[in-house]
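Notes to accompany the following structure.
The values are calculated or read from the model by the stated rules, or taken from the named source; none is laboratory data. Here the structure is a predicted model, which means the values were calculated and not measured. All Cβ positions, even for glycine, are placed from backbone atoms using ideal geometry, and neighbour counts span all protein chains on display.
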Amino acid sequence: MSMDAKLIEHMMNPKNYGTLEGADAHGIGKNPDNGEKVAVAIKVGKDEDEPYVDDIRFQAIGCTTTVVAGSMLTEEAKGLHFKGIYDLVEATMHFLDKLPPEEAACSEMVALAIKAAVDTYAKRLEETDYPVITYKVVHSCVPKEEKE
Amino acid sequence: MKTVMIKTHEAWLEMLMAGFMSKTKNKQVLFDFSDILFRHFTWLENELIELDESYSYDRDAIPIKVERLSDLLHAIIVRLNEIDLQLLSSPDKALAERIATDIHYMVDVLSHMSDEMISAFNMERRLPGMALTQDATDALTLFLFEETYKEYELILIYNYLKAHSTDAYMNRIFQILIDESFFHLKRFGEMGAQMGILAVPRIVMKELYQVDDVIPFLKDGINEELAAKEECIKLSEAVGKESQELAKFFDFINHQENYHIALMKDALKHFTGRDHE
């Protein structure tokens, strides 16, 4: 990870880290290879009947790269309508192949956790006790040369 | 009581961070006070366990970025006064009285503490008297963020396990590991402050310390200690050309992990009745 001041600021003071009292939905992104996970909580607002992420928090069992990715992506997600959230997740997934493997898995885990929270919210509109959705990453955290 | 425990947790960390920031004789006083607050935290936790009340180590974010030490000391005093007020509702009057008298003394000392300019957030990422390459600086930066969190996480995990255990053999091991993690946290926090990148470790997720089965936890813990040893070796090599002093420090930390691993293997044997490979 090459470091600039903005990146270090996210390390020192990750945005939106912690629990969210009165959250409307939670979602989890998980790496089955190493047990790392990201949990996202959202509060949903309505803007002319269109839901948007009014507030968001995340917590992570993972490395500093995951925390930085969580800080950046949740900051992007805050205030977005659900359509915008899906666009953000898709854009992140397209970007993953350009990242080193360990950074790709971390960012993917955060993006999937945000998507899982929004999907859980949507499911609960139809079924109130729908369980928290967990999505698993497909990128491996371990660089190829170390895995062989 | 839960609120008092949470506020004490926050005050402990806030005081510890103030200790890292200080460059004067205030430092040791602040470290001693943070140790006292940690003990209060464990006593309050024990009180909650005795009352059979559920609790967690969740807490609020703690803003510590200040230009002068007095700004943070003022915030700590406000927090301590809140705790003092909330102690009035504590059922254990002897404990509340002890904590209250400690708080009154600490507030008095903090109120008269000499002020200092703070450089712990300047992000310069330079250690005094050392000129590291950019790669070594980046590696050290990442290590400090990873490991200050990890040591805080380990303190909370072992503390939780100890609080819920009546097994004297295991509690001895847990206490050694808590003490060792405190030493590492203090050394890494000091370096973080010197490099201008001091930060409060992030909140630890419940499932990490509310451990259902201690055996897989210990096995994972041994693997994590082995990984930490590797990180120390890599870091020692990365900084070795520029600073033999720093390389020796990371070798020293690496060698300390051996005893942690041995203790965790002992603990595993205690639970399973056989040696861990």
### Task
Residues being outside any helix (DSSP H, G or I) and either among the acidic types (Asp, Glu) or outside the structural domain of B:MET15 (by TED's automatic domain parsing) (or both): count how many of those fall in the range B:37-58.
3
### Lone qualifier among A:MET93, A:MET72 - being within 26 Å of B:LEU142 (Cβ to Cβ), without any contact (Cβ under 8 Å) to a residue 40 or more places away in the chain and either outside any loop (DSSP other than H, G, I, E, B) or away from every other protein chain (no Cβ under 14 Å) (or both)
A:MET93
### Message
Can you confirm whether B:ASP167 is surrounded by fewer than 21 Cβ atoms within 10 Å (Cβ to Cβ) and over 22 Å from the mean Cα position of the chain (by Cα)?
### Response
yes
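Rundown of residues vs (1) closer than 28 Å to A:GLU102 by Cα; (2) in contact with a Pro (Cβ under 8 Å, 6 or more places away or on another chain); (3) in contact (Cβ under 8 Å) with a residue 24 or more places away in the chain; (4) of a type in the set (S, T, N, Q), yes/no style:
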residue: A:LEU7; (1), (2), (3), (4): yes, no, yes, no
residue: A:HIS10; (1), (2), (3), (4): yes, no, yes, no
residue: A:TYR17; (1), (2), (3), (4): yes, no, yes, no
residue: A:GLY22; (1), (2), (3), (4): no, no, no, no
residue: A:GLY35; (1), (2), (3), (4): yes, no, yes, no
residue: A:VAL40; (1), (2), (3), (4): yes, no, yes, no
residue: A:LYS46; (1), (2), (3), (4): no, no, no, no
residue: A:PRO51; (1), (2), (3), (4): no, no, yes, no
residue: A:ASP54; (1), (2), (3), (4): no, no, yes, no
#### Entry: A:GLY22, sole failed condition from (1) surrounded by fewer than 17 Cβ atoms within 10 Å (Cβ to Cβ); (2) closer than 30 Å to A:GLU126 by Cα; (3) within 9 Å of chain B (Cβ to nearest Cβ)
(3)
### Summary
Note: among B:ASP115, B:ASP108, B:ASP58, B:ASP102, just one is within 22 Å of the chain's Cα centre (by Cα) and more than 24 Å from B:PRO201 (Cα to Cα), namely B:ASP102
### Task
With the checklist (1) more than 22 Å from A:MET3 (Cα to Cα); (2) within 14 Å of chain A (Cβ to nearest Cβ) in hand, flag the one item B:ALA262 doesn't pass.
(2)
### Task
Considering only the range B:91-131, state which residues are buried (at least 17 other Cβ atoms within 10 Å of the Cβ), away from every other protein chain (no Cβ under 13 Å), in a loop (DSSP other than H, G, I, E, B) and not acidic (Asp, Glu).
B:MET113, B:ILE118, B:LEU127
